[in-house]
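The structure appears below as structure tokens.
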Amino acid sequence: MAEESKDACDANKAVEVIKMQKTSDMAEMEVGPLIQVKVLFFARARELTGLTDISLLMPPRSTARDCMSKLLNKFPKLEEIYNSMVVALNEEYAPESTVLRNSDELAIIPPISGG
């Protein structure tokens, strides 16, 4: 009788592990693999980050705004130009609501001054 109880307990544990794995697999399918975005920094953005470019891994369906949020966390000094800069996606100006795809190139373009 004790052996049957142990077998039932083991079977319940196995079912629970399978359920957890299935849930994990479904979550991965919904999110999908990460996408890679190359970010280019120009002028003042380059000075504030100390970089000419960086590659970021982002969840699928991320927007340029999501990418900017990640950049602001990594480089808080970018806040200085955030409200006056523009972004270009694959060499074309784009709103921050634009959804990014794998291998996209996002350029951070600060305001240009001069005369």
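Could you run through segment 57-89 and say how many residues are under 17 Å from the mean Cα position of the chain (by Cα) and polar (S, T, N, Q)?
Of the residues in that region, 4 qualify.
Pull out all pairs, ordered by first then second residue, where Cβ-Cβ is under 8 Å, the residues are six or more apart or on different chains, the first lies in segment 42-54 and is of a type in the set (Phe, Trp, Tyr), and the second is not in a helix (DSSP H, G or I).
From segment 42-54, the pairs are 42/107; 42/108; 42/109; 42/110.
Find all pairs meeting these conditions: Cβ atoms under 6 angstrom apart; at least six residues apart or on different chains; first residue within segment 77-97 and among the basic types (Lys, Arg); second residue at pLDDT 95 or above and in a helix (DSSP H, G or I).
Once the first residue is among the basic types (Lys, Arg) and sits in segment 77-97, its partners that are at pLDDT 95 or above and in a helix (DSSP H, G or I) give 77/48.
Here are the criteria: (1) polar (S, T, N, Q); (2) touching a residue at least 12 places away in the same chain (Cβ under 8 Å); (3) under 29 Å from residue 32 (Cβ atoms). Tell me which single one residue 73 does not satisfy.
Only one criterion is unmet by residue 73, namely (2).
The values are calculated or read from the model by the stated rules, or taken from the named source; none is laboratory data. Since this is a predicted model, take the numbers as computed values, not measurements. Note that we place each Cβ from the backbone using ideal geometry, even for glycine, and neighbour counts take in every protein chain shown.
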